[in-house]
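Scroll down for the structure; my scribbles are underneath it.
The values are calculated or read from the model by the stated rules, or taken from the named source; none is laboratory data. From a predicted model like this one, the values you see are computed outputs, not experimental measurements. All Cβ positions, glycine included, derive from the backbone under ideal geometry; neighbour counts span all protein chains shown. The protein model used for the area step is the full one, side chains on, heavy atoms only, and it has no ligands, DNA or RNA in it. Shrake-Rupley method; radii C 1.70, N 1.55, O 1.52, S 1.80 Å.
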Amino acid sequence: MWAIIGLLMIGGVISLFEILPLIKQKNWREVTVFFILLSIGLLLNILLVLRIEIPTPLDLLNQLYKPFTF
Amino acid sequence: MLEKGKISAFDFQVIVLVFTIGSSILVGPGLLARFAKQDAWMASSLALMISVSFVFLYIRLASLYPSLTFVECNEKILGKWIGNMVSILFLSYFYYLSSGLVREIGDFLTTQVLVETPIQMIMIMFLLISLFGVRLGLEVICRTAVIFFPWIVGFLLMWFLFLIPEIKLVHIQPIFEGGIVPIIQGSYHSLGLPFLELAIFLMISPYVTEKESVKKAFYRGTFIGGIILSFLVTISILVMGAEFTARNTYPSYILGKKISIGEFVQRIEIIVAIIWLFTIYFKLTICYYGLALGLAQVFKLNNYKILLFPLAFLIISLALFSHPDIVHFHEFLDHTWTPLSLTICFFLPLFVYVIGVIRKKRAIENQSNTENI
């Protein structure tokens, strides 16, 4: 629980420092991309903290490239 | 222009060299020895010779539009949608590569040096330093590489010199034991590590000021770095034998433990480890930088620095969940990495290059046609 709150707080502090100047300059494009990437990153990290197993994308690649290895 | 920094051809050469040594110094010898046994040194030289053709392709692609990065090139050549899709594919490869490097350094430090520290902490520390470098820009990264370059060379020289008394020629005999097939196999699997990864320099070459000498610098950097790697593989086989090299996770670290000059200079492996702490740091920083710059260009942002913190979260999480254990990591490295690198870093740029040449020719023809009318 504390780990999740800590993660969210780190995310909040970072966005405070990074985003406020951008909002003043009205760079909405940057703000959108920043928040989308940050929320994906935070979501993955929260899943890791909760010890929920995330399927690794590399198994798919392993299957895909099996014929090309010798 | 997102990046205002300018680097010289010499800076570029140094950063290519350091990138080539990169993380292959840790995992390269083991991988080659697993495939080619005691002939690994031949496999490594063969891979170096083949890799010159990749560098040739990258240079041709970079000279098609000398002032554009690969991502901008894609958009100009393939149009908005397909170009951006190709760019995203290219960048996702380097996203994995950065997280793989973070994972590598974390695994190395937790198993060999700082055994009781949680891996997350090491990864976060290492990535934060890298983030600091990327935030300061390309110029700072390259100047730092030039400052640390003599240290890397000095430690490498010291390492090689101290290992000379341990060499036993019997370890590389019999030559050609398994015929030519294992050698080709070994060199095929070491192509992706590190030579195909040099494609990230397509993102950096537009910022070199001397356009003419950049080609020479690229070739020279790759070649010297590759020779250092081959030399390293040869020495690890000569000192420890093929079996022992293949069995170890970090053969070059064990090599450092073998050093013993008159029972006085001993256990200097951590000084040796500094070499790859530096080289992996620069490799990670360059990948991270290319990733952030490319992503900013895909989304048409004014500033790539804004993306660094979200990317740090993404890289850390992928580094933690991509490989459940080190066996999975080595399996992936041995069997999937080179074919994957070939598709993303060779066939994709080749495709872009061919289409770019056709489009350029057609544009010239159209121009002459309209002039005739």
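Quick one: check the C-alpha center-to-center distance for region B:29-86 versus region B:346-371, whole angstrom.
Region B:29-86 and region B:346-371 have Cα centres spaced 21 Å from each other.
Averaged per residue, what accessible area in Å² does region A:2-68 show with a 1.4 Å probe, protein chains only?
On a per-residue basis, 70 Å².
Can you tell me the dipole magnitude for the protein assembly as shown around its Cα centre, using point charges on the Cβ only (Lys, Arg +1; Asp, Glu -1), in Debye to the nearest 20?
I would put it at about 1040 debye.
Accessible area per residue, 1.4 Å probe, Å², for region B:122-166: what's the number?
Per-residue value: 50 Å².
What FRET efficiency comes out for B:Ile180 versus A:Phe68 if R0 is 22 angstrom and r is the Cβ-Cβ distance? Round to the nearest 0.05.
0.65
Give me the aspartates and glutamates in straight-line cross-link reach of B:Lys168: C-alpha distance below 12 Å, same-chain residues under 8 apart excluded.
Cross-link targets: none qualify.
Go ahead and run the numbers for FRET between B:Glu116 and B:Arg267, Cβ-Cβ distance against an R0 of 22 Å, rounding to 0.05.
0.65
Structure shown: which of A:Lys24/B:Lys360; B:Lys6/B:Lys300; B:Lys76/B:Lys215 lie over 32 Å apart, alpha-carbon to alpha-carbon?
Result: A:Lys24/B:Lys360 exceed 32 Å.
Using the charge dipole of region A:2-68 (Lys, Arg: +1 at Cβ; Asp, Glu: -1 at Cβ; taken about the Cα centre), state which of A:Thr32, A:Ile5, A:Gln63 has its Cα farthest towards the positive end.
Going by the charge dipole, the pick is A:Thr32.
Round to the nearest 10 and report in Å² the accessible area of B:Phe126, as given by a 1.4 Å probe over the protein chains' heavy atoms.
30
In debye, nearest 20: dipole of region A:2-68 around its Cα centre with unit charges on the Cβ of K, R (+) and D, E (-)?
Approximately 180 debye in magnitude.
At most 12 other Cβ atoms within 10 Å and a DSSP loop assignment: could you name the trypsin sites (Lys or Arg not before Pro) in region B:204-264 that fit?
For trypsin sites (Lys or Arg not before Pro) across region B:204-264 that sit outside H, G, I, E and B with at most 12 neighbouring Cβ atoms in 10 Å, the list is empty.
To test your reading of the geometry: what angle, between 0 and 90 degrees and rounded to tens, separates the Cα axis of helix B:80-108 from the longest principal axis of chain B?
Tilt of helix B:80-108: around 20 degrees.
Hey, any idea what % of region B:1-160's accessible area is carbon plus sulfur with a 1.4 Å probe?
Here it works out to 73 percent.
What nm value, rounded to one decimal, do you get for the distance between B:Glu243 and A:Leu61 when each label is placed 7 Å out toward the C-beta?
3.4
Using a probe radius of 1.4 Å on protein heavy atoms only, what is the accessible area buried between chains A and B, both sides summed, to the nearest 100 Å²?
Separately minus together, A and B give about 2800 Å² buried.
Taking region B:52-141, which GluC sites (Glu not before Pro) meet the DSSP loop condition and have no more than 11 other C-beta atoms within 10 Å?
Sites meeting the loop and neighbour criteria: B:Glu116.
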